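These notes concern the structure reproduced below.
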Amino acid sequence: MILINQHIKKLKPSATLAINQKVNALRCKGENVFHFGFGQSPFPIHESIVDALKANANNNHYLPTIGLEMLRQTIAEFLLKHQNITADSNYIYIGPGSKELLYQTILILDCTFLIPKGSWVSYGPQIKSKNGKYIILETSLDNNFKLTTDTLKAYCEANPNQQKALILNSPNNPTGAVYTNEELERLAIVCRANDIIVLSDEIYSQINFTEDFSPSISKFYPEKTIVFGGLSKVFSAGGYRLGFMALPKDLHFLHNTYRSIFSETFSAVSSPIQYAAIKAFKMEDDIKNYIKDCSIILKGISNYIATKLKGVSIECTEPQGAFYMMIGFNKFKNEINSLGIITSEELSNHILEKFNVALLPVSDFYFPENELFFRLAFVDFDGQKVMRAYNSRPFISEDFLQKYCPNIYGGINKVIEFVKKLS
Ligand SMILES: Cc1ncc(COP(=O)(O)O)c(C=O)c1O
């Protein structure tokens, strides 16, 4: 018999992967699927970043474990100028995606992790894989499923004498919500009073629908907030696999621990990618404007979807960044239950089978399985084509969507058809 780690054995494939497999199988059969399940930037990488990668393709050297010094300095400047975060470049670390850096941090910290209901799918499984403990903190649709100070305070009062780490993600996957400065300032007070370490996942920071970047809790709680970011979302380069983290003052003592675990695991991130990342994080005006245009297009699409869906009593979060929103069918619960469908996973299968629309059930996002909410990622379109059309006619109308984002337009009509058929 081969013995394996039971905590890892218990992990199940994420719903994101499962839904992608189903969508691919349907597409292979020639079916047109409206894919709201997969969250990858639809836009091409800015040409200047690709050129920097090409120019460095010959670089075959291992780089320092924690990353190229010039890149870490560039990220420190980027954080200051484009995210209003002060970080010491000596304590900025480069990894193969922010996901890996989050995981290594979770391995290092012996804490109870606090996850607001409506958070990214991978935090929980990462914690489970090391037999760690996490608690789901309640949130509600009234304020876009954002964590409130009252909830955090109540948990801390009921559970003193426990080292806690809060995982906060803004702009948020799956809700699209962005925490305001005031909300973060209030949360910071509770975190400081309870000595909480914050893992601030800011991977979508500059995909903000109204501002250049999103507020960060590190502004109000710099001493114990670890900031995570990377190339994947803002620079549309998920496949480049480069993320960073900035370690705050009170955790600088972990420097050698991070260095050791990096050197014993991934060694260092690919050298050509690190050089290309310098170009990205310099954030010259052409790249900055490009990201702005991507954000405006995403805002136009999300506004259209929310207006259409709310018009037929489907609940929606109000996205202010990233490329997701959550939608809910709780107003149709009785009709849906009478079809023999109880859980969000069953309903997502039904909607995929009968209407060819892929939505992710929220059971993966720390919701009870019978809450009929879904994550809708609004990126099923050809970003290059849309960007070109937007540049010559910068207005996202219904006609524009019908012409350039046919899967968004068609998929939303299918969702509306589903609820209309219920009543
Ligand atoms: C909220 C959030 N955090 C982190 C990541 C990981 O990003 P990466 O590992 O590509 O940097 C993702 C990717 O989907 C995400 O949505």
- Which of (1) more than 30 Å from Leu71 (Cβ to Cβ); (2) surrounded by fewer than 19 Cβ atoms within 10 Å (Cβ to Cβ); (3) without any contact (Cβ under 8 Å) to a residue 40 or more places away in the chain is the odd one out, the single condition Ser89 does not satisfy? (1)
- Message: Just the residues that are touching a residue at least 40 places away in the same chain (Cβ under 8 Å), of a type in the set (A, V, I, L, M, F, W, C) and closer than 18 Å to Asn349 by Cα, please, taken from the stretch 1-60.
- Response: Ala15, Ile19, Val23, Leu26, Val33, Phe34, Phe36, Phe38
- Query: If you check Phe374 against the conditions, is it assigned to a strand (DSSP E or B) and surrounded by 18 or more Cβ atoms within 10 Å (Cβ to Cβ)?
  - Reply: yes
- Task: Could you please find all residues in the stretch 299-351 being farther than 24 Å from Lys22 by Cα and small (Gly, Ala, Ser)?
- Result: Gly300, Ser302, Ala306, Gly311, Ser313, Gly321, Ala322, Ser338
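Is it the case, given these coordinates, that Met1 is more than 16 Å from the ligand (Cβ to nearest atom), in a helix (DSSP H, G or I) and aliphatic (A, V, I, L, M)?
On the way: more than 16 Å from the ligand (Cβ to nearest atom): yes; in a helix (DSSP H, G or I): no; aliphatic (A, V, I, L, M): yes.
When the stated conditions are applied, Met1 does not pass them.
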- Please name all residue pairs, on different chains or six or more residues apart, with Cβ atoms under 9 Å, provided the first residue is in the stretch 292-317 and is at positive phi and the second residue is surrounded by fewer than 22 Cβ atoms within 10 Å (Cβ to Cβ). Ser313/Lys331; Ser313/Phe332; Ser313/Val419
- Checked Leu199, Leu184, Leu152 against criteria (part of a strand (DSSP E or B), touching a residue at least 12 places away in the same chain (Cβ under 8 Å) and farther than 22 Å from Ser302 by Cα); the one match is Leu199
- Message: Quick check on the stretch 259-300: of everything there that is β-branched (Val, Ile, Thr) and out of contact with any helix residue (DSSP H, G or I) (no Cβ under 6 Å at 6 or more places or on another chain), which residue is farthest from Tyr240 (Cα to Cα)?
- Response: Ile296
- Could you check, for the stretch 233-248, whether at least one of its residues is free of Cβ contacts under 8 Å to residues at least 60 places away in the same chain, within 16 Å of the ligand (Cβ to nearest atom) and within 19 Å of Ala76 (Cα to Cα)? yes
- Task: Check whether at least one residue in the stretch 262-270 is outside any loop (DSSP other than H, G, I, E, B), assigned by TED's automatic domain parsing to the domain that holds Asn173, more than 14 Å from the ligand (Cβ to nearest atom) and surrounded by fewer than 17 Cβ atoms within 10 Å (Cβ to Cβ), and report yes or no.
- Result: yes
- Identity of the residue in the stretch 149-171, surrounded by fewer than 24 Cβ atoms within 10 Å (Cβ to Cβ) and among the β-branched types (Val, Ile, Thr), that ends up farthest from the ligand (Cβ to nearest atom): Thr149
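For (1) within 16 Å of the ligand (Cβ to nearest atom); (2) of a type outside the set (Phe, Trp, Tyr); (3) assigned to a helix (DSSP H, G or I); (4) farther than 23 Å from Val362 by Cβ, each residue gets a yes or a no:
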{"position": "Gly37", "(1), (2), (3), (4)": "yes, yes, no, no"}
{"position": "Ser41", "(1), (2), (3), (4)": "yes, yes, no, no"}
{"position": "Lys54", "(1), (2), (3), (4)": "no, yes, yes, yes"}
{"position": "Asn58", "(1), (2), (3), (4)": "no, yes, no, yes"}
{"position": "Pro64", "(1), (2), (3), (4)": "no, yes, no, yes"}
{"position": "Met70", "(1), (2), (3), (4)": "no, yes, yes, yes"}
{"position": "Leu102", "(1), (2), (3), (4)": "yes, yes, yes, no"}
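The values are calculated or read from the model by the stated rules, or taken from the named source; none is laboratory data. This is a predicted model, so every value here is computed, not measured. We place every Cβ from the backbone using ideal geometry, glycine too, and count neighbours over all the protein chains shown.
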